[in-house]
Amino acid sequence: MSTTPLHPKLAEITQRIIERSRPTREKYLAKIRSAKQVGKLERNQLGCSNLAHGYASMPKTIKIEMLQESVPNLGIVTTYNDMVSAHQPFKDFPDWIKDEALKNNATAQVAGGAPAMCDGITQGYEGMELSLFSRDVIAMSTAVAMSHQMFDGGLYMGVCDKIVPGLMIGALSFGHLPGIFLPAGPMNSGIGNKEKARTRQLFAEGKVGRDALLASEMGSYHSPGTCTFYGTANSNQMMMELMGVHLPTAAFVHPYTDLREALTRYGAAHLARGIRNGTAKPFGEMLTEKSFINALIGLMATGGSTNHTMHLVAMARAAGVILNWDDFDKISSIIPLLIRVYPNGKADVNHFTAAGGLPFVIRELLDAGLLHDDVDTVVGHGMRHYTQEPFLIDGNLEWRDAPAESGNDDILRKADNPFSPDGGLRLMKGNIGRAVMKVSAVQDQFRVIEAPAIVFNDQREVLAAFDRGELERDFICVVRYQGPRANGMPELHKLTPPLGILQDRGFKVALLTDGRMSGASGKVPAAIHMSPEALMGGDIAKIRTGDMIRLDSFTGDLNVLVTEAEWVAREHEQIDLSANQHGCGRELFAGFRSMTSSAETGAMSFGGDFA
């Protein structure tokens with residue numbers, strides 16, 4: 001075990017975050033501590049009529065247990081549906097949990113459900129404009145479920161993009177209770193990511209038909225489980241490991257395996273035992289500033305999703321911890337990139353796991369002094385627990401040390417031989433505002449671009465211009481009025497194939513937007529999440545077609561090349577957004593759009609105690 005001291009810059013950044021967060025963190029801790037029931041279980045505060053309603057649907061054998069004041073009751077919050085492949089495996093989890101709880105002198109109930117939508121289904125269509133704020137709906141759904149005050153701990157079941165952050169925000173609103181997050185795991189590997197991307201590009205060029213495209217997509221997304229590329233969903237799972245709310249190395253075990261069932265059952269039993277013996281820490285106290293910083297470090301070490309420049313900020317704020325994009329940028333500068341998984345490489349998360357996976361990454365970071373070990377987790381103090389992986393031996397779980405060497409240096413490397421000396425995330429800033437860029441998959445020759453802007457107000461306008469052959473040139477594609485307040489900040493995945501084609505044809509191209517690109521950000525430089533967004537007075541609304549823009553992702557500079565006097569005097573161009581306000585349920589989200597904060601502060605529609 002290494003005794004390497006913490007990297008001095010990481011120590012400095014951590015202390016700055018702790019000091020910045022002190023007022024809001026203290027307020028949060030006081031709030032959850034005032035909610036805690038001292039010396040009794042949560043439901044014992046309820047009146048007899050209230051309890052009778054909570055017990056009514058339970059079998060008599062369970063009621064007998066629940067009537068005992070010393071028997072803890074676990075609340076299950078599920079995001080099961082059988083449309084989202086990653087969430088379909090949750091169907092059986094409640095039965096396993098209830099069975100295991102009884103074996104450990106506890107009970108369990110499904111406290112409630114939360115919606116789980118799929119960005120892969122809605123991308124490019126109106127439903128995507130509900131996606132970002134589905135996170136806040138999930139947070140509220142989680143709070144509604146737990147608000148019955150029948151539960152002494154929470155078991156939170158979620159995987160995908162907005163679902164895990166929403167569950168975490170909801171769980172932290174009940175931070176006086178302990179909890180565990182239970183993942184479902186990735187699907188088996190299908191068609192290789194390189195072949196899938198190739199078919200998409202051929203379709204965009206009109207060289208193959210829809211039948212070939214659909215066959216390729218179904219060969220890739222083909223079974224229950226998380227999509228296997230390293231996007232937002234799998235970045236979620238990584239962060240839950242780095243925050244210590246999963247059982248060690250639970251993230252990437254396949255669904256419908258004996259090991260997955262054993263881990264789920266163990267999670268329920270472990271929480272029940274921890275509540276009974278007093279070792280299960282309240283969630284909001286267990287997760288500290290260092291827990292969220294560890295998640296941020298993991299994001300950089302693995303080249304994770306840019307969506308978490310919003311979601312991690314929002315989750316942290318729910319616990320009174322204040323992160324900003326300067327923190328992302330500074331931590332990225334000292335954290336080596338240790339994995340290459342699509343879209344930053346050819347491999348998928350299954351290949352990564354086989355090569356050594358997250359326990360290997362966590363050990364390397366700890367041994368290099370680049371991760372906080374002095375944190376609490378659901379399995380005890382310290383991140384060393386997460387340098388082990390589970391095996392099912394004669395029906396029993398055993399955790400063993402991660403392999404000493406990577407199984408494939410093209411996928412996973414040690415900290416002293418990284419793919420890159422930094423995490424590949426850049427804070428871009430200049431006279432337009434502040435944005436983020438994921439550069440880990442962008443080749444060096446494309447990382448500096450000076451070209452004229454072509455301004456669009458919708459991704460469909462870009463696709464139409466591409467189809468008309470109007471984009472065969474060097475240019476920076478500016479897509480504005482795509483922020484949270486304008487239209488819910490949809491992901492702009494449809495732009496990836498045409499911009500990639502233009503880059504492959506030898507043109508210098510880049511994307512600049514106040515919208516999202518998510519974990520699928522790839523080889524084309526994309527300065528995204530521009531803040532302030534156009535509708536909040538952001539200067540992206542000042543850009544005109546023909547303006548020269550310089551984007552330098554080495555230095556982080558992003559500027560429109562006009563004189564300061566001209567830029568200050570220029571008006572913000574306003575557009576008609578009425579078409580974004582109705583249809584496909586969008587009218588129901590008007591309140592979310594009107595109240596949301598900026599992307600840099602988490603795009604949260606909550607006010608009040610949320611920092």
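When only alpha carbons of the range 374-524 are considered, Rg and Dmax amount to 21.4, 65 Å. In this structure, the residue pairs whose Cα-Cα separation is over 29 Å, taken from 9/494; 194/330; 103/162; 207/346; 162/330, are 9/494; 194/330; 103/162.
By the compact-protein rule of thumb, 2.2 N^0.38 Å, the alpha-carbon radius of gyration of the range 50-104 corresponds to a ratio of 1.35. Taking the centroid of alpha carbons for each part, the range 500-565 and the range 362-419 are 38 Å apart.
Across the alpha-carbon atoms of the range 247-363, the computed radius of gyration and Dmax are 16.5, 46 angstrom. Working from Cα positions, state the angle (0 to 90°, nearest 10) between the long axis of helix 193-204 and the longest principal axis of the chain. Approximately 40 degrees, to the nearest 10. Partner lysines whose Cα lies under 21 Å from the Cα of residue 40, excluding those fewer than 8 positions away in the same chain, are identified as 31, 63, 281.
Looking at the chain, what % of its DSSP beta bridges pair antiparallel, to the nearest 5?
That works out to approximately 45 percent antiparallel.
For residue 316, neighbours were defined as the other residues whose beta-carbon sits under 13 Å from its Cβ, and their charges (Lys and Arg +1, Asp and Glu -1) total +1. The convex hull defined by the C-alpha atoms of the range 84-147 has an orientation-averaged projected area of 5.1 nm².
Taking only the Cα atoms of the range 435-474, the radius of gyration and Dmax are 12.7, 31 Å.
Using every pair of separate Cα atoms, the Kirkwood estimate puts the hydrodynamic radius of the range 95-249 at 17.6 angstrom. On a per residue basis, the convex hull of the C-alpha atoms belonging to the range 188-252 measures out at 84 Å³.
Rolling a 1.4 Å probe over the protein heavy atoms gives the range 319-442 an accessible area of 34 Å² per residue. Per-residue surface analysis assigns residue 473 an accessible area of about 110 Å², computed on protein heavy atoms at 1.4 Å probe radius.
Computed from Cα positions, the angle between helix 232-242 and the longest principal axis of the chain comes to roughly 50 degrees. Building the convex hull from the alpha-carbon atoms of the range 491-611 and averaging its projection over directions returns 10.2 nm². Around the Cα centre of the chain, unit charges on the Cβ atoms of Lys, Arg, Asp and Glu (plus for the first two, minus for the last two) sum to a dipole of about 780 debye. Ranked from largest to smallest solvent-accessible area, with a 1.4 Å probe on the protein heavy atoms, 65, 42, 564, 398 come out as 564, 398, 65, 42. Tell me the angle of helix 289-302 to the major Cα principal axis of the chain, expressed in degrees between 0 and 90 and rounded to the nearest ten. That works out to roughly 50 degrees.
Counted over all Cα-Cα pairs of the chain, pairs farther apart than 49 Å make up 10 percent. How large is log10 I(q)/I(0) at q = 0.14, 0.21, 0.22 Å⁻¹ when the Debye formula is applied to the Cα atoms of the range 36-162, each weighted equally and without solvent? Reported log10 I(q)/I(0), two decimals: -0.67, -1.17, -1.25. Only protein atoms count toward the accessible area here, which uses a 1.4 Å probe; on the chain, the carbon and sulfur part of that area reaches 53 percent.
Using every pair of distinct Cα positions in the range 404-476, the Kirkwood expression returns a hydrodynamic radius of 16.0 angstrom. The value of relative contact order for the chain, using C-alpha pairs under 8 Å at least six residues apart, is 15 percent.
Taking the DSSP beta bridges with both ends in the range 368-506, the antiparallel portion is around 75 percent.
All C-alpha pair distances within the range 353-411, sorted into 5 Å bins from zero, spread as 4, 18, 24, 23, 17, 9, 4, 0 percent across the bins. Local charge for residue 114 was computed over the other residues whose Cβ lies under 13 Å away, with Lys and Arg +1 and Asp and Glu -1, and equals +1. Over the range 484-536, accessible surface divided per residue gives 22 Å², non-protein components excluded, 1.4 Å probe. Divided by 2.2 N^0.38 Å, where N counts the residues, the Cα radius of gyration of the range 7-96 comes to 1.71. Per residue, the convex hull spanned by the Cα atoms of the range 522-578 amounts to 121 cubic angstrom.
Checking the table 438/508; 36/290; 27/98 against a 26 Å threshold on Cα-Cα, which pairs fail? Pairs exceeding 26 Å: 27/98. Please list, or write none, the aspartates and glutamates whose alpha carbon is within less than 16 Å of the alpha carbon of residue 414, excluding same-chain residues fewer than 8 places away. In chain and number order, the partners are 364, 367, 401, 405, 422.
Average accessible surface for the range 228-290: 26 Å² per residue, computed with a 1.4 Å probe over protein heavy atoms with every protein chain in place.
The values are calculated or read from the model by the stated rules, or taken from the named source; none is laboratory data. Computed from a predicted structure; not experimentally measured. Every residue, glycine among them, receives a Cβ derived from its backbone with ideal geometry; neighbour counts consider all protein chains shown. SASA here: full protein model, heavy atoms, side chains in, ligands and nucleic acids out. Shrake-Rupley method; radii C 1.70, N 1.55, O 1.52, S 1.80 Å.
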